[in-house]
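Have a look at the structure below, then the notes.
The values are calculated or read from the model by the stated rules, or taken from the named source; none is laboratory data. Everything numeric here is computed off the predicted structure, so don't read it as measured data. Cβ atoms come from the backbone with ideal geometry, glycine included; neighbour counts cover every protein chain shown.
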Amino acid sequence: MNLSSRAQKIHSRINAGSAKLGDLKKSAKEIKNDHELAMELWSTGAYSSRLLAILIMDKKLLSQELINKLDREMQTHTFDEKNHLMEWLMANQLTKDKKTIALIQSWENSSSTLQRRTYWYYQARLRWTGQTPPENTPELLSKIETDIGKEAPGVQWAMNFTAAWIGIYDESHRSRCIRIGEKSGLYKDEMVAKGCTPNYLPAFIGIEVNKRAKK
């Protein structure tokens, strides 16, 4: 691995201890966009370096081909790390440009589990951030009803998450979303830490709806 002296210095610094996300964001703000440096940091394979790399990438250069490469290389990480890397990429880069948003919207039937997960996570994000959602809710729910039971675990979670936020914000579809959870049984027996919202749809929707009713 041949890194420039600058990349080596940054890589060593942020991997010397437990780098916090806030520290990485501060570093990215100081560096600004530097796609060449981003690719150097990404090439190290280190989790913290890759998180920083994502923040300083040039979104204009994020083609489907490059995203596929990043996706393949994320597979070296743990389940949670690779999901977080892809979410970080989505939130900090892919949702910032119409071209890359269009790519996300094309991933519903991607051969990549991470890209399918991102498609569904983005659909949920459109709802929980308060944006006016697209008029595809009935189609999404039909797809969830048909496919959630046979999807990969990461994609299942994102589909479930989408159904939750549809049920929370769209009363006309709330009963249907609750039924999806009852029928699938996903996360029904999951142990949840005190104060955390469960993933089981009937409980998730009920808790979040009650929170909003009290405001």
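For region 145-195, a residue qualifies if it is among the hydroxyl-bearing types (Ser, Thr, Tyr) and over 23 Å from residue 134 (Cβ atoms), and the qualifying residues are 184, 187.
Filtered by the rule that a residue be free of Cβ contacts under 8 Å to residues at least 12 places away in the same chain, over 16 Å from residue 91 (Cα atoms) and not acidic (Asp, Glu), region 19-28 gives 20, 26. When restricted to residues that are surrounded by fewer than 24 Cβ atoms within 10 Å (Cβ to Cβ) and either outside the structural domain of residue 137 (by TED's automatic domain parsing) or assigned to a helix (DSSP H, G or I) (or both), region 159-176 contains 10. Would you be able to tell me the number of residues in region 112-148 that are touching a Phe, Trp or Tyr at 6+ places or on another chain (Cβ under 6 Å), crowded, with 17+ Cβ neighbours inside 10 Å and within 24 Å of residue 209 (Cα to Cα)? Within region 112-148, residues that are touching a Phe, Trp or Tyr at 6+ places or on another chain (Cβ under 6 Å), crowded, with 17+ Cβ neighbours inside 10 Å and within 24 Å of residue 209 (Cα to Cα) number 2.
Every residue, every condition in (1) within 27 Å of residue 152 (Cβ to Cβ); (2) assigned to a helix (DSSP H, G or I), yes or no:
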| position | (1), (2) |
| --- | --- |
| 7 | no, yes |
| 19 | no, no |
| 24 | no, yes |
| 65 | yes, yes |
| 87 | yes, yes |
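If only residues of region 9-59 that are of a type in the set (Val, Ile, Thr) and under 18 Å from residue 96 (Cβ atoms) are counted, the one that is farthest from the chain's Cα centre (by Cα) is 31.
Filtering region 26-52 to residues that are assigned to a loop (DSSP other than H, G, I, E, B), at negative phi and charged (D, E, K, R) leaves only 34.
Identify the residue in region 2-25 that is of a type in the set (Gly, Ala, Ser) and in contact with a helix residue (DSSP H, G or I) (Cβ under 7 Å, 6 or more places away or on another chain) and, among all such residues, is surrounded by the most Cβ atoms within 10 Å (Cβ to Cβ).
Pass one, region 2-25, residues of a type in the set (Gly, Ala, Ser): 4-5, 7, 12, 16-19, 22.
The next check asks that each one be in contact with a helix residue (DSSP H, G or I) (Cβ under 7 Å, 6 or more places away or on another chain); those that pass are 4, 7, 19.
Details: 4: 11, 7: 22, 19: 18.
Among them, the one singled out is 7.
Take the conditions assigned by TED's automatic domain parsing to the domain that holds residue 21 and loosely packed, with under 12 Cβ neighbours inside 10 Å and apply them to residue 80. Does it pass? Criteria met by residue 80.
Looking only at residues of region 177-212 that are among the basic types (Lys, Arg) and within 20 Å of residue 142 (Cα to Cα), we find that the one that is surrounded by the fewest Cβ atoms within 10 Å (Cβ to Cβ) is 183.
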